[in-house]
Amino acid sequence: MFLSVEWAKRWLPAVFLLLSLFLPWWMYIIQPVGPVERFSTALPTSFDMSFPWSNHVWAFSDYSHAQLGCSIEVSQIPSLFLGSALIVIAGISGLTDKSRTRTAGGLLGIVGVISFLLFVLHKSTRYWPKEWNPYFGIDTWGNNLHIWFLSFGFYLALAGSLMLLLPLIRALIERLRKRL
């Protein structure tokens, strides 16, 4: 059967990891909250997205597309591609039958998620005020509500990595239970 539990245990983590590369990992939305003279006030006036494979923050303002550079130097490009390459390797290793390969893929996925937080997101939000949390928050300026958060792709990659690590976590809990 196509949608059996065995299918989900084997393929779903890999699908999550590989699909996460096509979804934004971080978003920044500006929404008007006061009386605004625009045609449609229900839609955001702008939103920015960050992907683990790009050294730019992709900005969509009033439905026009732009690319905001985050001034990443050439020496940081290997760390930029490190996160997305680790996610791809973790997704491919999630397709195998060997549990050790799947566990190694889960660990690589976690390292890829952490490298995105340390290298890519940190560089794209370095011009923000120091008191702001770059991962999530809400603030108001004038007539606009500003919302930023870790987005769908980030959580899919994290979930896929943890799903690959689940057998290892169960084995460690079982060993701990036997010792106690």
Where TYR127 falls short, out of the listed (1) loosely packed, with under 12 Cβ neighbours inside 10 Å; (2) more than 30 Å from ARG10 (Cβ to Cβ); (3) modelled with pLDDT of 85 or more: (3)
Any residue in the range 104-115 that is closer than 30 Å to LEU12 by Cβ and modelled with pLDDT under 75? no
Of all residues in the range 75-95, which are of a type outside the set (A, V, I, L, M) and either modelled with pLDDT of 85 or more or within 17 Å of ALA159 (Cα to Cα) (or both)? GLY83, SER84, GLY91, SER93, GLY94
Just to be sure I understand, how many residues within the range 152-172 are touching a Pro at 6+ places or on another chain (Cβ under 9 Å), surrounded by fewer than 20 Cβ atoms within 10 Å (Cβ to Cβ) and among the small types (Gly, Ala, Ser)? 1
Restricting attention to the range 146-161, the residues that are farther than 10 Å from PHE136 by Cα, in contact (Cβ under 8 Å) with a residue 60 or more places away in the chain and hydrophobic (A, V, I, L, M, F, W, C) number exactly 5
Cβ pairs under 8 Å, 6+ apart or interchain, first in the range 87-113 and farther than 21 Å from ALA171 by Cα, second at pLDDT below 90 and of a type in the set (Ser, Thr, Tyr), ordered by first then second residue, are GLY112/SER84
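The values are calculated or read from the model by the stated rules, or taken from the named source; none is laboratory data. As the structure is a prediction and not an experimental result, all values here were calculated from the model. Virtual Cβ from ideal backbone geometry, glycine too; neighbours counted across all protein chains shown.
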